[in-house]
Amino acid sequence: MLSKIYFSFFVILSLFFINTALSQVSGSGRACDFNSSYISVPNNPSLNSSFITIESWIKADAWAANIWENVIVSKDGWATGDQGYTLRAGANGSLSFNFGNGAWHEVASGALMQTGKWYHVAGTFDGAVMRIFINGTQVGSTNYSGAISATTYDLTIGKISYTAGGTRYFDGAIDEVRIWNTALTEATLKEYMCQKVTPSHPNYSNLSGYWNFDTPGVISDNSINANNGVLVGATQINSGAPIGNKSNYVYGAVANLSVASGTMDSLQVTTTGVVEGLHVYRVDGAPLVSTVLSSIDSVDQSHYYGVFNTSNTAASYTAIYHYGTNPLAVESYLCMLGRGDGASVPWNFQSAAQNLTLNTFTKSANVRQEFILGIKCPSLGLNYTGTQSFCEGNSITLSAQSPATLSAQWYNSAGAISGATNNSLVVSSSDTYYLMANIGICAGTSASVSVVVNPIPVANFGTIPTSFCENDAPFQLISGAPSAGVYSGSGIMNSVFSPAIAGAGMHTLYYTVNVNGCEAMDSAEVMVGSNPFSPIITQTDSVLCAASCETFVWFLNGNAISNQDSCLQVTQNGNYSVACINQQGCASDTAIYVLSDLAVDQLDFSDAITLSPNPADDFVTVRIQNEAVGMAYIVLDEQGRALLSGRVEMAETQISMKNLSDGVYFIQFQKEGVAVIRRVVKK
């Protein structure tokens with residue numbers, strides 16, 4: 001079975017449940033095994049009769065040298081005269097029946113029985129003829145007119161009643177001992193030798209004692225006379241005698257026999273040649289031994305069939321099991337099993353030919369055999385689509401390999417899954433899953449399937465400015481989470497964003513992570529502004545001009561000047577340049593324009609002003625020389641926007657920068673038309 005776990009039981013009618021501890025033993029049930037042991041049944045007048053039939057099934061382990069030494073049943077009175085009766089064997093398998101009536105009268109057979117085989121034996125007396133039978137066939141007779149003398153000795157099974165002449169034990173098994181107060185006919189013996197005695201027997205009222213040994217530890221008389229016995233050393237064993245509830249037979253002819261179990265099924269036995277004797281019997285109930293091969297799940301617990309050949313030699317026959325409407329007959333799971341007899345021999349698989357149209361199993365054999373229907377359940381396997389490990393949002397479908405399932409129930413580690421009773425299950429969460437279901441009359445559990453659902457990771461692009469200019473330096477992207485992700489998009493190479501490579505415009509950049517095959521992505525929008533054309537400075541007298549631009553920032557000797565117009569009225573010589581800033585805040589600087597032809601007597605405050613500390617914190621201190629006292633000042637940001645203004649009235653003045661954020665600022669000082677700009681950094 002799948003992973004060697006599946007289909008070890010039936011979910012079917014209770015009559016098919018395996019139970020070897022049955023309250024009522026079916027078939028031959030149990031026998032008694034004798035070896036220097038016996039059964040004692042107290043004397044009772046019902047056991048004395050003028051006319052008689054003694055019958056039993058025997059299986060000898062060994063024969064004594066003399067025919068009278070292996071006593072089967074005895075109620076004989078040697079010490080009080082020739083009284084009573086005995087059925088016995090010995091002398092290499094010879095059968096003897098004798099009784100007393102003032103003298104001993106005996107009828108005996110030749111050596112017709114073998115050790116290790118079951119035989120039905122019987123002795124009868126009708127007042128005129130003594131007869132003995134083996135397997136239903138008369139094997140000896142003696143004429144005598146009279147009656148059997150009664151005796152007060154106890155009846156014994158397995159040894160002689162009066163032991164002065166020796167115990168004469170039987171060595172082997174004895175089953176189904178029956179004593180009748182009439183002589184049964186050969187036809188009646190044949191009819192019922194392979195059946196249990198019930199009130200339907202035509203001579204049931206003549207039954208003096210009936211011991212089948214089926215009740216453990218108790219030797220009960222199953223007749224109306226309650227002639228119960230006691231075990232004296234004998235042990236009860238599983239019987240192998242061919243005994244059922246119904247039988248059919250043929251002697252000296254070609255066999256075509258059939259025994260049915262109602263309309264449910266039947267066993268038909270045919271031969272091509274004449275047989276000495278052949279019985280087919282049906283046992284109603286579970287076999288005493290239900291042991292099967294590990295590959296077989298169970299056997300029919302309602303009934304089974306058997307074939308018994310009366311001859312010592314093999315007889316070839318064909319057994320045809322018509323399983324018809326048997327509730328077990330789900331043909332794809334059905335098989336025929338067999339065994340030699342009802343002892344502790346396990347049922348084995350039979351290589352029988354199955355006809356799905358006729359609903360039959362056909363088997364050729366030449367030895368005694370019992371047949372029963374068995375079930376070999378299919379494996380409850382699982383199919384699944386996709387992989388057992390996947391990402392959140394996906395799923396896997398588990399389904400039974402066989403669609404013909406009933407009462408399906410899916411389970412996970414927490415137990416039965418509510419509402420999951422279909423042949424398939426859609427799984428979207430991590431756990432271990434399995435299926436319990438019926439397939440026809442079989443039920444079982446599938447192997448477990450472990451499903452792993454991996455979470456979708458959360459991707460974080462990390463920190464990046466929202467705007468760049470084309471001429472900005474490359475930006476290292478290092479703060480993406482979780483780590484080991486991949487950056488991609490315009491201008492990105494090896495986790496470095498290059499504005500120059502990306503070019504002007506709006507760009508979407510991506511950060512992609514993959515954890516256990518599950519992918520997530522985060523993005524960032526970045527604007528790259530184009531750089532304006534570098535302006536060219538021209539001079540007309542004391543005026544410097546640059547080409548048209550959105551915003552201008554003029555510089556003198558590297559210091560920003562407050563003038564933001566395209567032209568600048570200069571008042572001193574020096575190195576001038578202008579930055580052209582476009583609407584995206586991107587700037588292009590001119591080349592240095594050296595001015596040296598202005599008059600030198602003009603005011604020059606460039607060396608009269610110092611700032612400290614620089615970089616500054618909340619305040620910056622301005623120190624000026626006397627000629628600069630009274631200068632006005634304006635604090636500008638990098639775009640040239642005026643933020644603060646005031647006047648320097650003393651040689652040392654503090655300008656507050658508390659309300660300004662960290663960054664680069666320009667302070668423009670002006671007096672008498674002369675302007676000086678200083679750069680200051682707040683941090």
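Is there a residue being in contact with a Gly (Cβ under 7 Å, 6 or more places away or on another chain) and at pLDDT 95 or above anywhere in the stretch 391-405? Reasoning before the result, please.
From the stretch 391-405, those in contact with a Gly (Cβ under 7 Å, 6 or more places away or on another chain) are 391, 396, 401, 404; that's our starting set.
Then keep just the ones that are at pLDDT 95 or above; that gives none.
The answer is no, given that none of the residues of the stretch 391-405 is in contact with a Gly (Cβ under 7 Å, 6 or more places away or on another chain) and at pLDDT 95 or above.
Taking only the stretch 95-120 into account, find how many residues are part of a strand (DSSP E or B) and aliphatic (A, V, I, L, M). Reasoning before the result, please.
Initially, the stretch 95-120 is screened for residues part of a strand (DSSP E or B), giving 95-100, 104-108, 119-120.
Filter once more, so that each one left must be aliphatic (A, V, I, L, M): 95, 107-108.
Count: 3.
Out of GLY123, GLY140, I need the residue that is part of a strand (DSSP E or B), touching a Phe, Trp or Tyr at 6+ places or on another chain (Cβ under 9 Å) and surrounded by 24 or more Cβ atoms within 10 Å (Cβ to Cβ). Which one?
GLY123
Hey, can you tell me all the residues within the stretch 590-621 that are acidic (Asp, Glu) and modelled with pLDDT of 75 or more? Outline the logic, then answer.
Here is the first cut: in the stretch 590-621, the ones acidic (Asp, Glu) are 597, 601, 604, 607, 617-618.
Residues satisfying the conditions are ASP617, ASP618.
Of (1) out of contact with any His (no Cβ under 9 Å at 6 or more places or on another chain); (2) on the phi < 0 side of the Ramachandran plot, GLY116 satisfies all except one. Which?
Going through (1) out of contact with any His (no Cβ under 9 Å at 6 or more places or on another chain); (2) on the phi < 0 side of the Ramachandran plot one by one, GLY116 breaks only (2).
VAL330 fails exactly one of the following numbered conditions: (1) at pLDDT below 85; (2) among the β-branched types (Val, Ile, Thr); (3) in contact with a Ser or Thr (Cβ under 7 Å, 6 or more places away or on another chain). What is the number of that condition?
The one condition VAL330 does not meet is (3).
With the requirement that a residue be among the small types (Gly, Ala, Ser) and surrounded by fewer than 14 Cβ atoms within 10 Å (Cβ to Cβ), what does the stretch 489-505 give you?
Step one: filter the stretch 489-505 for residues among the small types (Gly, Ala, Ser), giving 489-491, 495, 498, 500, 502-505.
Hits for the stretch 489-505 are GLY503, GLY505.
Counting residues that are without any contact (Cβ under 8 Å) to a residue 40 or more places away in the chain and farther than 30 Å from ASN312 by Cα, which strands (runs of 3 or more DSSP E) fully inside the stretch 362-433 reach at least 2? Let's see the steps before the verdict.
Working: elements: 369-375, 382-385, 389-391, 396-400, 405-412, 424-427.
Ranges flagged: 382-385, 396-400, 405-412, 424-427.
What is the residue count in the stretch 423-448 for residues that are under 13 Å from GLN388 (Cα atoms), surrounded by 19 or more Cβ atoms within 10 Å (Cβ to Cβ) and of a type in the set (A, V, I, L, M)?
Number satisfying all stated conditions: 1.
What's the number of the only condition in (1) surrounded by fewer than 22 Cβ atoms within 10 Å (Cβ to Cβ); (2) assigned by TED's automatic domain parsing to the domain that holds SER50; (3) within 24 Å of HIS303 (Cα to Cα) that ASN225 fails to meet?
Answer for ASN225: the failing condition is (3).
With part of a strand (DSSP E or B) and either in contact with a helix residue (DSSP H, G or I) (Cβ under 8 Å, 6 or more places away or on another chain) or hydrophobic (A, V, I, L, M, F, W, C) (or both) as the only criterion, which of ILE67, ILE58 stands out? Write out each step before concluding.
Details: ILE67 fails: part of a strand (DSSP E or B).
One residue alone meets the criteria, ILE58.
What residue, among those in the stretch 481-518 that are part of a loop (DSSP other than H, G, I, E, B) and not small (Gly, Ala, Ser), is farthest from CYS586 (Cα to Cα)? Don't jump to the end; show me each part of the working.
Going residue by residue through the stretch 481-518, those that are part of a loop (DSSP other than H, G, I, E, B) are 482-485, 489-491, 494-495, 498, 503-504, 516-517.
Remaining after also requiring not small (Gly, Ala, Ser): 482, 494, 516.
Values: PRO482: 34, ASN494: 26, ASN516: 44 Å.
Per the stated criteria, the residue is ASN516.
Whether any residue in the stretch 345-355 is modelled with pLDDT under 90 and either on the phi > 0 side of the Ramachandran plot or acidic (Asp, Glu) (or both) is what I want to check.
No: the stretch 345-355 contains no residue that is modelled with pLDDT under 90 and either on the phi > 0 side of the Ramachandran plot or acidic (Asp, Glu) (or both).
Being more than 10 Å from ALA365 (Cβ to Cβ), part of a strand (DSSP E or B) and of a type in the set (Phe, Trp, Tyr) is the filter here, so list the residues in the stretch 303-329 that pass it.
TYR304, TYR305, PHE308, TYR321 - these are the residues of the stretch 303-329 that are more than 10 Å from ALA365 (Cβ to Cβ), part of a strand (DSSP E or B) and of a type in the set (Phe, Trp, Tyr).
Restricting attention to the stretch 57-91, which residues are surrounded by 20 or more Cβ atoms within 10 Å (Cβ to Cβ), modelled with pLDDT of 95 or more and of a type in the set (S, T, N, Q)?
Result: ASN70, SER74, THR86.
Among LEU189, LEU184, which is assigned to a loop (DSSP other than H, G, I, E, B) and either surrounded by fewer than 20 Cβ atoms within 10 Å (Cβ to Cβ) or modelled with pLDDT of 95 or more (or both)?
Values: LEU189 fails: assigned to a loop (DSSP other than H, G, I, E, B).
Only one candidate qualifies: LEU184.
From the list SER208, SER261, which one is crowded, with 19+ Cβ neighbours inside 10 Å, in contact (Cβ under 8 Å) with a residue 40 or more places away in the chain and outside the structural domain of THR325 (by TED's automatic domain parsing)? Write out each step before concluding.
Numbers: SER261 fails: outside the structural domain of THR325 (by TED's automatic domain parsing).
Matching residue, one of SER208, SER261: SER208.
With respect to ILE456, is the statement that it is over 24 Å from the mean Cα position of the chain (by Cα) and touching a residue at least 60 places away in the same chain (Cβ under 8 Å) true?
Working: over 24 Å from the mean Cα position of the chain (by Cα): yes; touching a residue at least 60 places away in the same chain (Cβ under 8 Å): yes.
Yes: the conditions hold for ILE456.
The values are calculated or read from the model by the stated rules, or taken from the named source; none is laboratory data. All figures in this text were calculated on a predicted structure; none of them were measured in a lab. Backbone-built Cβ (ideal geometry, glycine too); neighbour counts: all protein chains shown.
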